[in-house]
Amino acid sequence: MNPLYASLPTTIFETMSARARATGAINLGQGFPDAGWPQDVLDTAAAALLTGSNQYPPMAGTPGLRRAIADHYRAHQAVDLDWESEVTVTSGATEALAAALLALITPGDEVVLFQPLYDAYLPLVRRAGGVPRLVRLAPPRWQFSEADLAAVFGPKTRVVLINNPLNPSASTFDRASLELLARFAAAHDAIVVSDEVWEHVVFDGAAHTSVLAVPALRERSVKIGSGGKIFALTGWKVGWMCAGPDLTRALARSHQFLTFTTPPNLQAGIAQGLAKDPGWFTAMRAGFQRSRDRLVTGLAAAGFAMLPSAGTYFVSIDLTASGIGHGDVEVADRLIAAGVASIPVSAFYADDPVTSTLRLCFAKQDAVLDGAIARMTAALPALLASQVGSRRGSGQP
């Protein structure tokens, strides 16, 4: 077996979801919604399956979906794309990431990444022969500075991989941060691969800024999107890459030897969704924000200190501020025994992890969130008491 994969553990998402299934715990770990997908998108995909073509669609994606992607970003982000030369449909955002990194990295190239990072990033970079250069982000702001970038950019830097909004921290990078990144990318002639799958799941009136909306990044960036994240259909695995024509031609050469195409009926459904009235997207965000606030309010009332959540399906507990001195892995173990699955954020670090935050998914129905709040409220006194006991046992006051 390839030693890279042989040395990798089972992904934290699969591990925690399997434990939730085995124990009957409420699963606030893996990020999938249990409601909220639009019926017309399902109906369109179902009709296309029965009445449309079920043979190979064009490698770059159906014209209908590629047009819909370009029209959508023109309307929502003021990004002008040519659907024929700048849009490629993929089988999920993870395939888009793989295609982009395999196409753009030559063995020995250095790749700048920001941790905490989605768990697929490092294996993909290393499989392509890239050398990771990591920027460590920390709560509560999870932002990078000019000094951070200066420490990792160098003469071998060729690719930057960024996630905005950022999973698992639920933070975002604003235009000023992207412009700072653009200066370093331009100085080192680096390509920015921007995982923007959470672009529509932003809260409190904020607007997402894409790398393609920053002039200095327009011709040196790859934007990755996901229909699954936008429409709460994570199992569909319909994603895309948007980039200038030269980059798109390079990406296509990689994509054609991965999945090659994506089910045409699912492409039809996502195209239907992307053409929805802007009001639908506003209401979708409001629904997730209401769920976020329900979980945060309930847990805060119980005594948990919650970190800000500017986007994604997630919010994190600040264990230290909550008075819990145990690390996130131990707390996650104790909570799953109490009936709630979560994700320790330290799992998203390759080195020097932050161990004081625990990620929860709030993209659930009210009854599920309320059940989790009740179980976690009941578990908190034991977490606090065991911490006091451990201090006394070690001779601490």
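The values are calculated or read from the model by the stated rules, or taken from the named source; none is laboratory data. No experiment lies behind these values; they were computed from the predicted model shown. Here the Cβ is made from the backbone with ideal geometry for all residues, glycine too, and neighbour counts use every protein chain on show. Note: accessible area is taken over every heavy atom of the protein model, side chains too, but ligands, DNA and RNA are not part of it. Shrake-Rupley method; radii C 1.70, N 1.55, O 1.52, S 1.80 Å.
Using the basic label-point model (7 angstrom from Cα toward the beta carbon), what is the ALA378 to ALA305 distance in nanometres?
It is 2.7 nm.
Taking the alpha-carbon centroid of each part, what is the distance from the range 368-386 to the range 266-329 in angstrom?
Using only Cα atoms to place each centre, the spacing works out to 19 Å.
Please report, in cubic angstrom per residue, the volume enclosed by the convex hull of the alpha-carbon atoms of the range 292-387.
Here the figure is 90 Å³ per residue.
Hey, any idea what % of the chain's accessible area is carbon plus sulfur with a 1.4 Å probe?
Taking all protein chains in place, the chain shows 55 percent carbon and sulfur surface.
Extension gain THR51-PHE257, at 0.36 nm per residue separation less the Cα-Cα distance, in nm?
Taking 0.36 nm per residue and subtracting the Cα distance, the gain is 71.3 nm.
For a quick check, take a GNM of the chain with Cα springs below 10 Å and name the residue from ALA310, ALA75, ALA60 with the largest mean-square fluctuation.
ALA75
Give me Rg/Rg_expected for the chain, where Rg uses Cα atoms only and Rg_expected = 2.2 N^0.38 Å with N residues.
1.00
Express the accessible area of the chain per residue in Å², computed with a 1.4 Å probe while the remaining protein chains stay in the model.
40
Express in nm, to one decimal, how much length is gained between ASN2 and ASP293 on full extension, taking 0.36 nm for each residue of separation and deducting their alpha carbon distance.
100.3 nm
Can you tell me the relative contact order of the chain? Whole percent, Cα pairs under 8 Å, sequence separation 6 or more.
Result for the chain is 24 percent.
Decide, for the range 63-196, between rounded, prolate and oblate: order the square roots of the alpha carbon gyration tensor eigenvalues as a ≥ b ≥ c, take rounded if a/c falls under 1.5, and otherwise choose prolate if a/b is larger than b/c, else oblate.
prolate
Output the relative contact order of the range 109-221, whole-number percent, from Cα pairs under 8 angstrom with separation of 6+ residues.
The normalised contact order for the range 109-221 reaches 25 percent.
Mind checking which of GLY24, GLY339, GLY327 has the largest fluctuation in a GNM of the chain, springs on alpha carbons under 10 Å?
GLY24
Towards the positive end of the charge dipole of the range 75-223, with charges on Cβ (+1 Lys, Arg; -1 Asp, Glu), say which of GLY92, ALA138, ALA176 has the farthest Cα.
ALA138
Looking at GLY325, GLY371, GLY244, which one has the Cα that reaches farthest to the positive end of the dipole of the chain (charges on Cβ: Lys, Arg +1; Asp, Glu -1)?
GLY325
Check the straight Cα-Cα distances from LYS364 and name the aspartates and glutamates below 13 Å, setting aside those fewer than 8 residues away within the same chain.
Within the straight-line limit of under 13 Å, LYS364 reaches these aspartates and glutamates: ASP34, ASP293.
Between SER145 and LEU42, what FRET efficiency follows from the Cβ-Cβ distance if R0 is 35 Å, with the result rounded to 0.05?
0.20
With a 10 Å radius around each residue's Cβ, average the other Cβ atoms per peptide and rank 187-193, 115-121, highest first.
115-121, 187-193
Placing unit charges on C-beta atoms (Lys and Arg positive, Asp and Glu negative, everything else neutral), compute the dipole magnitude of the range 279-397 about its Cα centre in debye, rounded to 20.
300
Of LEU113, GLY273, MET16, which is farthest along the charge dipole of the chain in the positive direction, counting Lys and Arg as +1 and Asp and Glu as -1 at C-beta?
After comparing all options, I get MET16.
Assign unit charges at the C-beta atoms only (+1 for Lys and Arg, -1 for Asp and Glu), then state the dipole size of the chain relative to its Cα centre in Debye, rounded to the nearest 20.
Using Cβ point charges on Lys, Arg, Asp and Glu, the chain gives about 540 debye.
Which whole-percent values make up P(r) of the range 193-312 when all C-alpha to C-alpha distances are grouped in 10 Å steps starting at zero?
11, 33, 33, 16, 6, 0
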